[in-house]
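Engineer: I have a structure here, written as C-alpha cells, and I will follow up with some questions on it.
The values are calculated or read from the model by the stated rules, or taken from the named source; none is laboratory data. Everything numeric in this text was worked out from a predicted model, so none of it was measured. Here the Cβ is made from the backbone with ideal geometry for all residues, glycine too, and neighbour counts use every protein chain on show.
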Amino acid sequence: MAEYAQWAKLDGGPLHISADGGKTGIALFQASPGHPARKLEMGVAFRVDAETFIGFASSLAEAGLLQPTGEPLEIGSIVDFDLCYAYNFQDPYGNQLELDCYDYATVKREFVENQGLTPVRYC
C-alpha cells in the first residue's frame, strides 16, 4: 500500500499489503533479534475503527489481558506508530495480538489527549 511505503523501507518493515484498497490487509515484518516487532513474530494484528479502539481501551481495567511481556495490559500501554495507535497483548493461550486504529487524529484527540496519556514509542 503506497500510503505506508515509508514503513516498508525501515529495517524489518512492515510491508502493508491489501487486495481491496485498504479495507482489509496484512502487515508483514521481517523480525530479527533486537527488532521491536520481535515480540509479535507469531502474532496477528486487527484493524478497527476509532469507536471500537476507544471502547476496547476503555474496557481494559476489567479485561484482565496481558501484554506480550506478561505485564497487565493497561490504558497507558497504548503504542504510537505515527500513522496508527495500537495495543499489543496476548490471548489466554499466549498468542500475540495487536489491535490497530488508523484513525490517528480521532484517537489522539478523543482518547490520548483526553486521558492525558503518553503513548509508548518503539523508535
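Engineer: Filtering the stretch 67-123 down to residues that are without any contact (Cβ under 8 Å) to a residue 40 or more places away in the chain and small (G, A, S), which residue is nearest to A5 (Cα to Cα)?
Structural biologist: Of everything passing the filter in the stretch 67-123, A105 is nearest to A5 (Cα to Cα).
Engineer: I would also like to ask the following. For the stretch 103-122, what are the residues that are closer than 25 Å to T69 by Cα, modelled with pLDDT of 95 or more and in a loop (DSSP other than H, G, I, E, B)?
Structural biologist: G116, L117, T118, P119 - these are the residues of the stretch 103-122 that are closer than 25 Å to T69 by Cα, modelled with pLDDT of 95 or more and in a loop (DSSP other than H, G, I, E, B).
Engineer: Please state which one of V79, V112 is surrounded by 18 or more Cβ atoms within 10 Å (Cβ to Cβ), of a type in the set (A, V, I, L, M) and under 13 Å from F53 (Cβ atoms).
Structural biologist: Of V79, V112, the one residue that is surrounded by 18 or more Cβ atoms within 10 Å (Cβ to Cβ), of a type in the set (A, V, I, L, M) and under 13 Å from F53 (Cβ atoms) is V112.
Engineer: So, E71, is that one touching a Ser or Thr at 6+ places or on another chain (Cβ under 9 Å) and of a type in the set (D, E, K, R) or not?
Structural biologist: The answer is yes for E71.
Engineer: List the number of the failed condition for Y85; all other conditions in (1) buried (at least 16 other Cβ atoms within 10 Å of the Cβ); (2) modelled with pLDDT under 95 hold.
Structural biologist: (2)
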